[in-house]
């Protein structure tokens, strides 16, 4: 399994939509074959259309607020006394997380297809919040599917969605988290695909949704590449990019431009959710070498039992609490281009304490998983190594959890 | 192919009515109960579809989801599903059984092992909801080799061109989805319109048998009488759920319902 250097990873699939011959594909009911085919044609046309790219860049700049800043965390670096620690504060993007890139692109696609309704799934509530923002901006009617358990633990984002005029559809089936929200959203699309466009909130789902999302979040690494050249005059010789991985949209976007580099120069480290200390229900299919299976229309590593029932996961981060993972990451794992590890809930909370003690940033619990591993490994590295963590979400949404777990003085 | 499924259609046709197909979930609400339900509804049904439940079913509506989750919660496994079929076939050898479910369950069981075990248990046909044409070709071939019908679905969104290809690669039965919906949705198009679309599909290769499913209830079934066969699933699952919730006997209630459905077809 070898990654091609000249072609973007999202395009390195075979004619059946599989990366590396086995990850991805489109395992969907017959009813969705046609809408998926239509969407594929539209997307392939739009991404080659100069006017569409101009429009995308216009909204990325003027609406999302690109580029997000790239800064050195001096105090944290000094404290750990190892590698240099930098961060790209993607949470500065309009709405407070990277999900806005995918949401904006989907809203633009929806408009260009002449559809008036847009639906989406959400876990942490960011994908939903951003889709509701984009829908409002572009005059689309929006429904967001969200697990009942997540609605309870991510209230601030739910309030934002409702304020933007979106309808939140609570999902009570299964574990009542992201996995059930995605299933229910797909089911709704099966019934309404003639009038409604579906946005999948991460680089998961049938092939085309993986591609659209990866194409959208890649803006992060495009910006970073330029910022690195401005800062260092070149791409640094020793660099490590840490990113949390749930579905895998922020990490893929953060890495895309750098995948073609040798891993000795640029190492890619994905940090999955290890769940509560001593829990066995990890949302970490890559770290734990789970079996390959089919979830939400794609072949991937997935947490499941022997029979093939998808198993529940457990994480403090709703945004990482997903049994599967993007086929792109499965491919990056098998081709050994990226390394995957996990951090526990407690490690993420400790990282939050550490980072906010030394620095004036406020990363949500999802990127805190990445900070946890980055800080641990930084200590053992020399100062000429550049560590960059994608701070892809803002902790405002985690207020209640942080207050509950760490006490009032942290909020 | 002369087999039990074809024979059932022939029998129904000789009685001037469509074949009645039922769908229930294996293990709902227990392994034993679902076998009893299967046995008793098979007195009126021509073909019995049995679902092997999956916990992320992207094509199923609320009723079948409820049945599936209940069956999984009560411990049904793939092995258990095959045991139910084997026992059923021991009591009723001539009644065709179609297994229906999602591909991950088959993938984890192993395609070859799944087909072999199906054969040994007496399965006559297989429907895989999320394995559409052309990706399903290798699996369909394997089924055919063991004389198991691989049944494909056609939906209102399927183009005529695509439908032709699907039908060409189909064995002897094709499943037409009545409307844009998951299973068990409210019938949002008139039965007249469904029959019009159905005839277009049937015309492609009139020798094959076409059944209509999704959203068919006691109220709507008569309007679709001119099809080769009709599938009722969610309505039966709903009846089973109601019976359990009310402390009534799901076996009696489900079989009474199927009996009634049958009378509407004569």
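Bear in mind that the values in this text are calculations on the coordinates, not laboratory data. On a predicted model such as this, the values are computed, not experimentally measured, just so you know. Virtual Cβ from ideal backbone geometry, glycine too; neighbours counted across all protein chains shown.
Data table
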{"quantity": "Separation in nanometres of the label points that stand 7 Å from Cα toward Cβ, at residue B:196 and residue B:91", "calculated": "4.5"}
{"quantity": "Share antiparallel - DSSP beta bridges, chain A, percent rounded to 5", "calculated": "30"}
{"quantity": "Averaged over B:99-110, number of beta-carbon atoms from partner chains that fall within 10 Å", "calculated": "4"}
{"quantity": "Ellipticity estimate at 222 nm from DSSP helix runs (n ≥ 4, -39,500 (n - 2.57)) divided over chain A, nearest 500", "calculated": "-12000 deg cm²/dmol"}
{"quantity": "Square roots of five times the Cα gyration tensor eigenvalues for the stretch A:1-149, Å", "calculated": "30, 23, 18"}
{"quantity": "The stretch B:138-207: C-alpha pair distances exceeding 20 Å, %", "calculated": "35"}
{"quantity": "On Cα atoms only, tilt of A:50-59 relative to the major axis of chain A in degrees", "calculated": "60"}
{"quantity": "Coarse-grained scattering of the protein assembly as shown at q = 0.10, 0.12 Å⁻¹, given as base-10 log I(q)/I(0) from a Debye sum over alpha-carbon atoms", "calculated": "-0.90, -1.21"}
{"quantity": "Helix A:365-378 vs. chain A, principal-axis angle (Cα, 0 to 90°, nearest 10)", "calculated": "40"}
{"quantity": "Highest average packing first - A:302-312, A:384-394, A:162-172, Cβ atoms within 10 Å", "calculated": "A:384-394, A:302-312, A:162-172"}
{"quantity": "Förster-model FRET efficiency, 51 Å R0, residue A:71 and residue A:48, C-beta, rounded to 0.05", "calculated": "0.90"}
{"quantity": "Least to most buried among B:88, A:371 (fewest other Cβ within 10 Å first)", "calculated": "B:88, A:371"}
{"quantity": "Separation of alpha-carbon centers, the stretch B:175-222 and the stretch A:292-311, rounded to whole Å", "calculated": "31"}
{"quantity": "Equivalent ellipsoid semi-axes - Cα gyration tensor, the stretch A:82-166, angstrom", "calculated": "25, 18, 10"}
{"quantity": "Relative contact order (%) - the stretch B:4-263, alpha-carbon pairs under 8 angstrom, separation at least six", "calculated": "23"}
{"quantity": "Fluctuation leader among A:220, A:100, A:294 - chain A, Gaussian network, Cα springs under 10 angstrom", "calculated": "A:294"}
{"quantity": "Footprinting exposure proxy for A:44, A:223 (fewest neighbouring C-beta atoms within 10 Å first)", "calculated": "A:44, A:223"}
{"quantity": "Ellipsoid semi-axes in whole angstrom, largest first, where each is sqrt(5λ) of the Cα gyration tensor of the stretch A:1-59", "calculated": "24, 20, 8"}
{"quantity": "Residue A:3/residue B:83 FRET efficiency (R0 51 Å; Cβ-Cβ; nearest 0.05)", "calculated": "0.65"}
{"quantity": "Inverse mean reciprocal Cα-Cα distance (Kirkwood Rh) of the stretch A:229-375, Å", "calculated": "15.7"}
{"quantity": "Value of [θ]222 nm, deg cm²/dmol, for chain B, DSSP H segments ≥ 4, -39500 (n - 2.57) each, nearest 500", "calculated": "-14000 deg cm²/dmol"}
{"quantity": "Shielding score for A:175-183, defined as the mean number of other chain Cβ atoms within 10 Å", "calculated": "2"}
{"quantity": "Shielding by partners, peptide A:307-315 (average Cβ within 10 angstrom, other chains)", "calculated": "5"}
{"quantity": "Tail weight of P(r) past 33 Å, computed on alpha-carbon pairs of the stretch B:4-263, percent", "calculated": "11"}
{"quantity": "Reduced Cα scattering model of the stretch B:5-49, Debye log10 I(q)/I(0), q = 0.20, 0.24, 0.25 Å⁻¹", "calculated": "-0.63, -0.78, -0.81"}
{"quantity": "Modelled FRET efficiency - R0 35 Å, residue A:167 with residue A:235, Cβ distances, 0.05 increments", "calculated": "0.20"}
{"quantity": "Per-residue Cβ neighbour rank within 10 angstrom, fewest leading, A:98, B:54", "calculated": "B:54, A:98"}
{"quantity": "Cα-based helix-to-principal-axis angle, A:207-217 vs chain A, degrees rounded to 10", "calculated": "50"}
{"quantity": "Calculated log₁₀ intensity ratio I(q)/I(0) where the Debye formula runs over C-alpha points of the stretch A:116-202, q = 0.11 Å⁻¹", "calculated": "-0.23"}
{"quantity": "Compactness of the stretch B:68-193, expressed as Rg and Dmax over alpha-carbon positions, Å", "calculated": "15.8, 44"}
